[in-house]
1. Looking at the structure I just gave you, is M254 in contact with an Asp or Glu (Cβ under 9 Å, 6 or more places away or on another chain), of a type outside the set (S, T, N, Q) and surrounded by fewer than 19 Cβ atoms within 10 Å (Cβ to Cβ)?
2. Taking the condition of a type outside the set (K, R), more than 30 Å from G263 (Cβ to Cβ), assigned to a loop (DSSP other than H, G, I, E, B) and away from the ligand (no atom under 15 Å from the Cβ), does A241 pass?
3. Which members of the stretch 177-235 meet the condition of being hydrophobic (A, V, I, L, M, F, W, C), within 16 Å of the ligand (Cβ to nearest atom) and under 23 Å from N162 (Cα atoms)?
4. Inside the stretch 150-160, can you point out the residues that are assigned to a loop (DSSP other than H, G, I, E, B) and within 16 Å of the ligand (Cβ to nearest atom)?
5. Give the stretch 161-202 a look and list any residue that's buried (at least 18 other Cβ atoms within 10 Å of the Cβ), within 17 Å of the chain's Cα centre (by Cα) and either assigned to a loop (DSSP other than H, G, I, E, B) or not aromatic (F, W, Y) (or both), or say none.
6. Give the stretch 207-231 a look and list any residue that's in contact with a Phe, Trp or Tyr (Cβ under 8 Å, 6 or more places away or on another chain), part of a strand (DSSP E or B) and surrounded by fewer than 23 Cβ atoms within 10 Å (Cβ to Cβ), or say none.
7. Considering only the stretch 244-262, how many residues are assigned to a loop (DSSP other than H, G, I, E, B) and within 18 Å of T125 (Cα to Cα)?
8. Kindly list, by first and then second residue, each pair from a residue in the stretch 181-195 that is touching a residue at least 40 places away in the same chain (Cβ under 8 Å) and closer than 22 Å to S231 by Cβ to a residue that is in a strand (DSSP E or B) and near the ligand (Cβ under 8 Å from one of its atoms), limited to pairs with Cβ atoms under 9 Å and residues at least 6 apart or on different chains.
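The values are calculated or read from the model by the stated rules, or taken from the named source; none is laboratory data. Please read these numbers as outputs of a predicted model, since none were measured by experiment. Glycine gets a Cβ as well: all are built from the backbone with ideal geometry, and neighbour counts include every protein chain shown.
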Amino acid sequence: MTRILFAASFLVAFAGMARASVPAGTNGFSLFWSDDFNGAANTAPSSANWKYDTGTGTFGTGEIETMTNSLNNVHLDGNGNLHIKAIGSGQSWTSGRIETVPDNFAAPAGGILAVQGSMQLPDVTGAAAAGYWPAFWMLGSTLRTGTSWPGCGEIDIMENINGLDEVFGTLHCGTAPGGDCNESTGLGGNKQGMSPSLQTAFHTYRIELDNGANQIRWYIDGTQYWQVSSSAVSASTWQAATQHGFFIILDLAMGGGFPAAFGGGPTSSTASGGDFIIDYVAVYTKGGSGTPTTTTKKTTASPTPTGGGSGSCGAGLSACGAACYNPSSYTCIGGTTLCPAGDQLCGKYMIKDR
Ligand SMILES: *[C@@H]1O[C@H](CO)[C@@H](O)[C@H](O)[C@H]1NC(C)=O
């Protein structure tokens with residue numbers, strides 16, 4: 001945290017290194033998980049919370065930097081912030097990318113998942129910013145268990161390119177290229193012209209995945225600027241993209257497809273040392289059953305769905321299309337050829353844990 005609470009600052013100072021905390025949930029939201037980045041100066045972020053994605057050219061986006069686990073690229077500053085810094089010149093860059101170890105950030109059945117962060121984007125603009133691509137985003141946990149992108153779902157909470165004073169929010173889903181989410185573009189919205197700019201001040205970026213309204217909403221500083229409703233895609237695509245846990249990613253890419261679509265970069269004019277500063281990341285949930293609709297359990301111990309349903313199911317079982325299932329253990333999703341990892345495919349019908 002960079003801001004000190006006015007009334008509490010005296011006590012906080014005596015408590016040691018603690019800084020102002022992650023915001024409590026409001027409007028019925030409860031804090032589920034967070035990282036305030038309150039570590040000692042020039043140390044790595046918590047390994048219980050984050051792991052590094054390292055390497056060059058491994059993300060399929062055309063970005064050119066080498067992601068490292070060096071403190072030069074990723075470190076805490078001792079004042080409650082995480083820094084991800086791009087260092088280099090021309091076509092040779094190092095930078096950082098971390099993702100949360102937990103991947104159970106899920107919307108409760110009928111409830112809402114909110115994922116929020118406060119961050120300042122690298123303070124570079126114009127030619128010096130060509131190629132910069134900071135992002136705060138998340139991927140479906142099913143990617144870690146074998147479901148491919150973009151079927152697993154990707155929700156980009158904040159993307160920014162080339163130092164523009166503009167935030168982009170996007171859902172990726174379905175199949176690529178094309179598909180329900182118009183890949184690889186995705187279903188995205190944006191908002192520009194913030195004052196002070198995204199590069200000169202901290203702003204709050206947030207999404208809400210709402211299983212009551214069947215919608216994802218994107219916000220900056222509390223103002224909604226984009227939404228995608230489940231009706232925009234097929235039921236099975238929405239299910240596969242949203243009804244499971246997510247893990248969060250923070251990264252500062254250089255180059256690649258997104259900057260290229262807005263003028264390109266990096267170039268010989270791109271400035272080294274652009275610093276992506278993250279104050280906190282927090283996950284909240286609200287309402288619903290309190291049980292996230294994860295797809296990661298399941299299996300053999302549960303009653304096994306049997307084929308040949310269609311009204312001839314045995315005692316205590318219900319028909320799900322051509323399959324029979326136990327409604328106390330499963331939910332009938334409906335006909336589909338997509339089946340997220342952990343769910344059973346029974347005939348052509350997906351049957352999922354409650
Ligand atoms: C789909 O993506 C293309 C770019 O590939 C874009 O021109 C078009 O507007 C997008 N359509 C929708 C509905 O988002």
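1. Values: in contact with an Asp or Glu (Cβ under 9 Å, 6 or more places away or on another chain): yes; of a type outside the set (S, T, N, Q): yes; surrounded by fewer than 19 Cβ atoms within 10 Å (Cβ to Cβ): no.
Here the answer is no, as M254 does not meet what is asked.
2. Numbers: of a type outside the set (K, R): yes; more than 30 Å from G263 (Cβ to Cβ): yes; assigned to a loop (DSSP other than H, G, I, E, B): no; away from the ligand (no atom under 15 Å from the Cβ): yes.
No, not satisfied.
3. Within the stretch 177-235, the first condition is being hydrophobic (A, V, I, L, M, F, W, C), and the residues that meet it are 181, 187, 194, 198, 201-202, 207, 209, 213, 216, 218, 220, 226, 228, 232-233, 235.
Then drop every residue that is not within 16 Å of the ligand (Cβ to nearest atom), which leaves 181, 187, 216, 218, 226, 228, 232-233.
Scanning the stretch 177-235 gives L187, W218, W226.
4. In the first step, residues of the stretch 150-160 are kept if they are assigned to a loop (DSSP other than H, G, I, E, B); the result is 150-153, 160.
Across the stretch 150-160, the qualifying residue is only P150.
5. V167, G169, T170, L171, H172, C173, G174, C181, G186, L187
6. E208, R217, Y219, I220, Q224, Y225, W226, Q227
7. From the stretch 244-262, those assigned to a loop (DSSP other than H, G, I, E, B) are 244-245, 255-256, 261-262; that's our starting set.
Pick out the ones that are also within 18 Å of T125 (Cα to Cα) and you get 255-256, 261-262.
Within the stretch 244-262, residues that are assigned to a loop (DSSP other than H, G, I, E, B) and within 18 Å of T125 (Cα to Cα) number 4.
8. The qualifying pairs are C181/L187.
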